[in-house]
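Data block below; observations after.
The values are calculated or read from the model by the stated rules, or taken from the named source; none is laboratory data. Fair warning: this is a prediction, and the values are worked out from it, not measured in the lab. Quick reminder, even Gly has a Cβ in these numbers, built from the backbone with ideal geometry, and neighbours come from all protein chains shown. The area values use the complete protein model at the heavy-atom level, side chains included, leaving out ligands, DNA and RNA. Shrake-Rupley method; radii C 1.70, N 1.55, O 1.52, S 1.80 Å.
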Amino acid sequence: MEQVRVRFAPSPTGYLHIGGARTALFNWFFARQNNGQLVLRIEDTDFERLQEDSVAQILNSLKWLGIDWDEGPEKAGDFGPYYQSQRQDIYAAAAEILIQTGKAYYCFCTEEELETEREKQRQEGLPVRYSGKCSRLSANEIQERMEQGFKPVLRIKLPDFGQIVVKDIIRGSVSFKYDQFDDFIIMKSNGLPAYNFACTVDDHAMRISHVIRAEEHLSNTPKQQFIYEALGYEIPEFAHLSMILAPDRSKLSKRHGATSVSEFKDLGCLPEAIINYLTLLGWSPAEEQSEIISPEQTVRAFSLDKVSKTAAVYDIQKLIWLNGQYITKYDLEKLTFHAIPFLIQEGVISSLEAEQNHAYILSVIKTVRERVRTLKEFAEACRYFFQDITGYDEKGREKYFRQEDAETLLLKGRECLAKVENFNVENTEKAYRNLMEELNIKGGQIIHPTRLALTGRTVSPGLFDVMALLGQKRCLERLDQAIGLIRAYKNEKEKA
């Protein structure tokens, strides 16, 4: 096969998992590096496990991440349809070829008969596998059972001895003995194809040159390779990506926190940060390369032989750290666009405020961006810029508002700020520096209580940046509020 064609083939049984997203991403990298094509195929024949909104969730997650496909749902191509549920005639035709060539046979065994056979094998200490007895049925016996209304499955006939060798780009040659398998089912009794059969037929029909997928599918590959050979298909190249394990090296699950792309989005992760994190989850760039790496850089450097054979360990803290790095450098307009829904969701601003105060919101985001690691954290980091102070940090209140000279310092600070004519960062800082010199005090003595008065917190962006954003009127009002509280403390103390 001359042209590189890869595929991402999710089952719509849930949201796009981080493992699935990485598989899609690595296929995308490989396709883009080789000027190839990425096919998106929806494997939706497991009707019992299908979830109604799953396809939309998968497509939206891929789009949000920036992983585009060349053929598939919403993008017509020459090898559709791209939903397996719409390809039944293709599977039936391939199955008929195997029947006619004697490489597959009808099996009428009931589940009860199969379980009886398996139990006998277990008792005798034999490998538990289908005996293949239906392969010995005559044409007349098959016809008779069909006429009686029995609905058979279709099994492929495997050799009793020997082995099949899978050549894997990442893992090298992997051998599987035929006696590890029985004559597995390729078509179910309801007429639907089994997974291994459908994906083999589709990969051939869609001219897939490289099958890049998760390690968990490695055990399926010998079965699929045998189907390729039985149908006379050219075998694609295989590459099985290492597993993604939880921090304790157990199987990654919900108990380890967010595991789907939509969950990471809800946590406030930027798509570029997730892509960067997934890129490094089992693949390593050159040693001198920074951990911050763009898709464009990866496309230039990507190769399957740099994919690790050992399991990758999922580390949410690493992702959150990367996300913080992206937030500090992200385009401000784009960052604000991503942050506003979280501000609205957490009740910091209304939708109307988001429309009317865009320039102000932009300035606030710019001021606090280096202090947050997720978009969700923007809500709490920004709150005092939009809402009145209703409480003060408890430790800060005890430390700064109850000191002897707290009222005097804040009164002096208020008087100083009230005289500033052009209320910007430069002028407010100059005024406060002059006041510190006049009072012969260290900066922290007045800056800390002022910060607490203006933000309700002991930690914030630069105080003079905060002042300039809040504006003169609100700064004076908040100082008055804090001074009133300090006086209330004094009255309580005198009464006591």
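Scan region 126-179 for residues that are outside any strand (DSSP E or B), open to solvent by 70 Å² or more (accessible area, probe 1.4 Å), touching a residue at least 40 places away in the same chain (Cβ under 8 Å) and not hydrophobic (A, V, I, L, M, F, W, C) and the total you get is 3.
I'd like to know if region 5-12 contains one or more residues that are touching a helix residue (DSSP H, G or I) at 6+ places or on another chain (Cβ under 8 Å), charged (D, E, K, R) and assigned to a helix (DSSP H, G or I). No.
Residues of region 97-125 that are open to solvent by 80 Å² or more (accessible area, probe 1.4 Å) and not in a loop (DSSP other than H, G, I, E, B): ILE97, GLN100, GLU111, GLU112, GLU113, THR116, LYS120, ARG122, GLN123.
Here TYR432 clears all of (1) modelled with pLDDT of 95 or more; (2) within 46 Å of the chain's Cα centre (by Cα); (3) buried (at least 19 other Cβ atoms within 10 Å of the Cβ) except the condition numbered (2).
Among PHE47, PHE30, which is the only one that is open to solvent by 20 Å² or more (accessible area, probe 1.4 Å), modelled with pLDDT of 95 or more and either assigned to a loop (DSSP other than H, G, I, E, B) or under 15 Å from SER209 (Cα atoms) (or both)?
Values: PHE47 fails: modelled with pLDDT of 95 or more.
Unique residue meeting the criteria: PHE30.
Apart from one condition, ILE235 fits all of (1) open to solvent by 20 Å² or more (accessible area, probe 1.4 Å); (2) more than 26 Å from LYS157 (Cα to Cα); (3) among the aliphatic types (A, V, I, L, M); the exception is (2). Among the candidates PHE342, PHE302, PHE337, the residue that is touching a residue at least 60 places away in the same chain (Cβ under 8 Å) and either open to solvent by 40 Å² or more (accessible area, probe 1.4 Å) or under 23 Å from ILE58 (Cα atoms) (or both) is uniquely PHE342. Within region 468-480, the only residue that satisfies the criterion of being crowded, with 16+ Cβ neighbours inside 10 Å, in contact (Cβ under 8 Å) with a residue 60 or more places away in the chain and either out of contact with any helix residue (DSSP H, G or I) (no Cβ under 7 Å at 6 or more places or on another chain) or not hydrophobic (A, V, I, L, M, F, W, C) (or both) is ARG478.
If you go through region 238-264 and pick out every residue that is modelled with pLDDT of 85 or more, open to solvent by 30 Å² or more (accessible area, probe 1.4 Å) and either within 19 Å of GLY282 (Cβ to Cβ) or in contact with a Ser or Thr (Cβ under 8 Å, 6 or more places away or on another chain) (or both), you end up with 1.
Filtering region 312-327 to residues that are in contact with a Ser or Thr (Cβ under 9 Å, 6 or more places away or on another chain) and in a strand (DSSP E or B) leaves only ALA312.
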